[in-house]
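See below for the structure under consideration.
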Amino acid sequence: MSNIANHIAIIMDGNGRWAQQHGLKRSKGHERGAEVVREITIFCSNHPDVKYLTLYAFSTENWKRPKLEVDFLMKLLERYLRRELPVYLENNTKFETIGDLSRFSKSLQKLIAEIKEKTAHCNGLVQNLALNYGSKDEIVRAANAVVSSNKTLTIESLEEHLDCNCDVDLLIRTGGDHRLSNYVLWQSAYAELFFTETLWPDFTKENLQNIIDKFTKIERRFGGLK
Ligand code: IPE
Ligand code: IPE
Ligand code: MG
């Protein structure tokens, strides 16, 4: 028996340090990071095991960064989405998001809705971008939704209202830090965690395949005995 990496979630960290190491502005690291998002998404769309790829692009805490960087990240997201539509379509990839989009500009919200609509028929990989996402925020919004629907709060009723109702199998963080930074905490209850020193702009599909190979050999017990 080997494990199937049905749902991979990635904390794409290290763009700023990559830029610094190359004597570049942080924004260049984010640009290179966006290229890697494309490479990894295409790789996963061709991988027989991977059905969901959830990528941490902007956290609920990232608004604390200097306005210049936040503004750049918003522009980059817009540029990325506009350019990416043919790539999603060619690779039969559906674009979805998790996180509270209401804090984004109306034009960005419109673009996000448009790309979702245009890729809604794709039935290969789902690329889930985590945008203004934080697990604590997601869980509180879901709990409030259960309460307003007058249902009893249970694991199932809460999960129905989470942005992402799909357990994570494999959670990867690049960039050398060993923390979860408020990412898919509920969904990762039994995820296998992998941390790599590689900075996100240097992360390759070969690195990902190596991690998947290790993941497939782990004995997952889910609290039981094997
Ligand atoms: C991750 O890279 C991308 C975002 C958080 C948007 P960072 O920008 O956090 O890069 P480092 O951690 O400073 O190197
Ligand atoms: C996590 O990285 C968020 C994203 C990758 C989008 P951060 O760089 O924001 O996390 P911390 O601050 O090091 O925990
Ligand atoms: Mg970081």
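Our estimate of slack between Glu206 and Gln20, defined as 0.36 nm per intervening residue step minus the Cα-Cα distance, is 64.5 nm.
Heavy-atom accessible surface of the chain, averaged per residue, reaches 52 Å², computed with a 1.4 Å probe. A simple rule links phi to the HN-Hα coupling: the Karplus curve 6.51 cos²θ - 1.76 cosθ + 1.60 with θ = phi - 60°, which for the stretch 105-121 gives 4, 4, 5, 5, 4, 5, 4, 4, 5, 5, 5, 4, 5, 6, 10, 4, 7 Hz, with x for Gly and Pro.
Peptides 12-18, 183-189: what's the order by average Cβ count within 10 Å, highest mean first?
On the way: 12-18: 22.0, 183-189: 19.4.
Result, highest mean Cβ count within 10 Å first: 12-18, 183-189.
Sites listed here are GluC sites (Glu not before Pro) in the stretch 189-226 whose DSSP assignment is loop and whose Cβ has at most 12 other Cβ atoms within 10 Å: Glu197, Glu219.
A simple rule links phi to the HN-Hα coupling: the Karplus curve 6.51 cos²θ - 1.76 cosθ + 1.60 with θ = phi - 60°, which for the stretch 123-130 gives 10, x, 5, 9, 9, 9, 8, 8 Hz, with x for Gly and Pro. The count of lysine pairs in the stretch 101-226 with alpha-carbon distances below 28 Å, taking only pairs 8 or more places apart or on different chains, stands at 13.
Set the Förster distance to 41 Å, then compute FRET efficiency between Ile218 and Glu69 from the Cβ-Cβ distance, nearest 0.05.
On the way: r = 37 Å, r/R0 = 0.90.
After rounding, the FRET efficiency stands at 0.65.
Can you check what the net charge comes to around Arg26, using other residues whose Cβ is under 14 Å from the Cβ of Arg26 (Lys, Arg +1; Asp, Glu -1)? Walk me through the numbers on the way to the answer.
Values: positive: Arg17, Lys25, Lys28, Arg32, Arg65, Lys67, Lys75; negative: Asp13, Glu31, Glu69, Asp71.
My count for the surroundings of Arg26 gives +3.
For the stretch 106-226, the orientation-averaged shadow of the C-alpha convex hull comes to 10.6 nm² (one quarter of the hull surface). Remark: the Ile4-Glu117 segment gains 37.8 nm on full extension, using 0.36 nm per residue and subtracting the alpha carbon distance. Summing Lys, Arg as +1 and Asp, Glu as -1, what charge do residues with Cβ under 9 Å from the Cβ of Asp100 carry, Asp100 excluded? That works out to -1.
Of interest is the spacing of the C-alpha centroids, which for the stretch 5-64 and the stretch 155-173 amounts to 20 Å. Annotation: extensible slack from Glu39 through Glu159 equals 40.1 nm (criterion: 0.36 nm per residue apart, minus Cα-Cα distance).
Working note: Debye formula, equal point scatterers on the alpha-carbon atoms of the stretch 16-65, no solvent; log10 I(q)/I(0) at q = 0.17, 0.24, 0.26, 0.32 Å⁻¹ is -0.67, -0.94, -0.98, -1.12.
Carbon and sulfur atoms: what percent of the 1.4 Å accessible area of the chain do they account for? Working shown, then result.
Details: 6210 of 11740 Å².
Answer for the chain is 53 percent, counting heavy atoms of protein chains only.
Would you mind classifying the stretch 68-159 by shape? Square roots of the alpha carbon gyration tensor eigenvalues, ordered a ≥ b ≥ c; an a/c under 1.5 is rounded, otherwise it is prolate if a/b is larger than b/c and oblate if not. Oblate, since a/c reaches 1.5 and b/c is not below a/b.
Expressed as a fraction of 2.2 N^0.38 Å, the value expected for a compact globular protein of N residues, the C-alpha radius of gyration of the stretch 160-226 is 1.23.
Computed over the chain, the P(r) curve from all C-alpha pair distances, binned at 5 Å from the origin, holds 1, 6, 14, 18, 20, 18, 12, 6, 3, 1, 0, 0 percent per bin.
The values are calculated or read from the model by the stated rules, or taken from the named source; none is laboratory data. Treat the numbers as computed from the prediction; the structure is a model and nothing was measured. Note that each Cβ is placed from the backbone with ideal geometry, even for glycine, and that neighbours are counted across all protein chains shown. Only protein heavy atoms, including side chains, enter the accessible area calculation; ligands, DNA and RNA are left aside. Shrake-Rupley method; radii C 1.70, N 1.55, O 1.52, S 1.80 Å.
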